[in-house]
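Only the coordinates and a few stated rules stand behind these numbers; no lab work does. Predicted model, so just to flag it, every value in this text is computed and none were measured. Here the Cβ positions follow ideal geometry from the backbone for every residue, glycine too, while neighbour counts run over all protein chains shown.
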Amino acid sequence: MNLPPSVRLVEISPSYPVFEIKHPTCEARVALHGAHVMSWKPLDEDEVLYLSPDAVFKEGKAIRGGIPVCWPWFNAHPTNPEMPSHGIARNRFWELKEAGEDEGGVTLVFEMKDGIWNAKVTVRAGAELEVSLETLNPNEVPIVVSGALHTYFGVSEIEKVRVVNLEGSEYLDTVGEETMRRQNGVVKFTEEVDRIYESSDNLLLVDDVSGRTILVEKGGSPSTVVWNPWAGKAAGLGDMPDADYLKFCCIEAAIANDRAVIVMPGSSHVLSTRISVEE
Ligand code: TA6
């Protein structure tokens, strides 16, 4: 496929293609593996996404950082413990179907098919970043889908960031014994946070050290997942430096647990996240 002028294909490890975008509006990198946005740096801004320096770039292993596409299920498979956590999408190579650009940015369209599962990921990288995950159902029967766009946001110091607009939302706290709670005030990080909020609302990530505010807009997403492993869980992640929990938080446009979506034959569902840096 011919790539537009702002996009070039590089191999960051043997047979592991990554699309490098250098456009007047932004720089970004998107791996063919997992249709995975690895980085996005708008013009005159610092990098927005966290990518682990220990991330593994080989088939079958999800990249630690950027925007993992968790699909067609969130966390453990609903019925089969043999299946990988967070689905099949992020552990395999997709197919690039379209690549284009205009003065506003670059658009890449990826597809994957596996049995009953058919998905399309559209990445629009420009002054804003939008990732859309479309579940298609060409089958004769309904399919049930959950998942997340599992975005890792880079932060200056985790204890000096706030997630705003979840105040008052109910959430499932999955740290320790799962417990339903209600968010009191803004979300802060002073310990492990692993929460599934019942919220379709847009969010703000406020970094008090850099003074930067990130707007996270969601589409087709009845759940918002907020995660930081903190020191204990981070130490157990072999593809991330132990202290890097201080450098990111995940804010995920998700469809989780009992909010799974039924996609009827011949129809589709789109889960999207749109990220912008607020001046
Ligand atoms: O972000 C929510 C979550 O489900 C956490 O429970 C944690 O497992 C995280 O995803 C990362 O999962 P991974 O399989 O990428 O290590």
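For the pair the range 124-168 and the range 239-279, the centres of their Cα atoms are 2 angstrom apart. The relative contact order of the range 7-278, computed from alpha carbon pairs under 8 Å that lie at least 6 residues apart in sequence, is 18 percent. Of Gly66, Gly211, Gly34, the residue with the greatest mean-square motion in the GNM of the chain, using alpha carbon springs below 10 Å, is Gly211.
How big, on average over all directions, is the shadow cast by the Cα convex hull of the range 43-132, in nm²?
Values: hull surface 28.9 nm².
The directionally averaged projection comes out at 7.2 nm².
Shape of the chain from its Cα gyration tensor (a ≥ b ≥ c, root eigenvalues): rounded if a/c is under 1.5, otherwise prolate when a/b > b/c, or oblate? It is rounded, given that a/c, with a ≥ b ≥ c, falls under 1.5. Distance from the C-alpha centroid of the range 1-77 to that of the range 189-220: 21 Å, rounded to the whole angstrom.
Label the range 87-188 by shape, choosing from rounded, prolate and oblate, from the square roots a ≥ b ≥ c of the eigenvalues of the Cα gyration tensor; if a/c is under 1.5 it is rounded, and otherwise prolate applies when a/b is larger than b/c, oblate when it is not.
On the way: a/c = 2.61, a/b = 1.38, b/c = 1.89.
Verdict is oblate for the range 87-188.
Report note on the peptides 15-22, 167-174, 194-201: ranked by the mean count of other C-beta atoms within 10 Å, highest first, their order is 194-201, 15-22, 167-174. Note on Lys218: lysines with a C-alpha under 18 Å away, same-chain residues under 8 apart excluded, are Lys120.
With Cα atoms as the point set, the radius of gyration and Dmax of the range 186-279 evaluate to 15.4, 49 Å. Pick out which of Val209, Val48, Val145 has the largest mean-square fluctuation in a Gaussian network model of the chain, springs linking Cα atoms closer than 10 Å. Checking each option, the largest mean-square fluctuation is seen for Val209.
Can you bin the range 8-58 into rounded, prolate or oblate? Criterion: square roots of the alpha carbon gyration tensor eigenvalues sorted a ≥ b ≥ c, rounded for a/c under 1.5, prolate for a/b above b/c, oblate for the rest.
Numbers: a/c = 2.57, a/b = 1.50, b/c = 1.71.
Oblate.
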